[in-house]
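Trainee: One structure is given below, represented as structure tokens, and several questions about it will come after.
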Amino acid sequence: MLSREFRRELNKEYKCFITAFIHRNILILKVLRNANESGSRYRVALEALKGIKTIQQIAKDFDVHPVQVSDWKKAMTEGATGIFGPGREKADAEDFER
């Protein structure tokens with residue numbers, strides 16, 4: 001039979017292990033959810049472009065790092081210049097002729 005003191009210590013370690021396991025899996029699920037949703041990246045970048053909230057507030061709302069918010073905002077801004085930039089009318093004309 002195990003001593004009462006040994007069982008208490010074992011129980012404490014088991015609880016710590018279970019708690020750490022749960023927290024780790026929750027974090028993994030959050031990362032996977034945010035990383036795999038391109039729609040959420042678009043929403044984050046759009047929020048940042050609006051300028052209503054700060055980068056910190058947006059990052060907190062969407063559970064992402066503030067640097068990611070800035071990177072996605074920059075990528076959206078650079079991508080938008082390609083939509084309205086020079087040469088776009090030529091590409092549209094070529095698509096229309098086909």
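The values are calculated or read from the model by the stated rules, or taken from the named source; none is laboratory data. Keep in mind that this is a model prediction, so the values were computed, not measured. With ideal geometry, Cβ positions are generated from the backbone for all residues, glycine too; neighbour counts draw on all protein chains shown. With ligands, DNA and RNA removed, areas are computed over all heavy atoms of the protein, side chains included. Shrake-Rupley method; radii C 1.70, N 1.55, O 1.52, S 1.80 Å.
Trainee: Would you pick out the residues in the stretch 64-78 that are in a helix (DSSP H, G or I) and among the aliphatic types (A, V, I, L, M)?
Mentor: Of everything in the stretch 64-78, those that are in a helix (DSSP H, G or I) and among the aliphatic types (A, V, I, L, M) turn out to be 67, 69, 75, 76.
Results for (1) modelled with pLDDT under 65; (2) surrounded by 10 or more Cβ atoms within 10 Å (Cβ to Cβ), shown as yes or no for each residue.
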| position | (1), (2) |
| --- | --- |
| 12 | no, yes |
| 20 | no, yes |
| 24 | no, yes |
| 33 | yes, yes |
| 37 | yes, yes |
| 57 | no, yes |
| 70 | no, yes |
| 83 | no, no |
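Trainee: Ok, one more. Would you mention how many residues in the stretch 53-62 are in a helix (DSSP H, G or I) and either touching a strand residue (DSSP E or B) at 6+ places or on another chain (Cβ under 7 Å) or not hydrophobic (A, V, I, L, M, F, W, C) (or both)?
Mentor: 4
Trainee: Out of (1) modelled with pLDDT under 85; (2) among the small types (Gly, Ala, Ser); (3) surrounded by 11 or more Cβ atoms within 10 Å (Cβ to Cβ), the odd one out for residue 79 is which?
Mentor: Of the numbered conditions (1) modelled with pLDDT under 85; (2) among the small types (Gly, Ala, Ser); (3) surrounded by 11 or more Cβ atoms within 10 Å (Cβ to Cβ), the odd one out for residue 79 is (3).
Trainee: Tell me whether the stretch 45-52 contains one or more residues that are modelled with pLDDT of 75 or more and either at positive phi or not in a helix (DSSP H, G or I) (or both).
Mentor: yes
Trainee: So the check is Cβ under 7 Å with 6+ separation or different chains; which pairs have a first residue in the stretch 67-89 that's closer than 18 Å to residue 52 by Cβ and a second one that's open to solvent by 50 Å² or more (accessible area, probe 1.4 Å) and modelled with pLDDT under 85?
Mentor: 72/41
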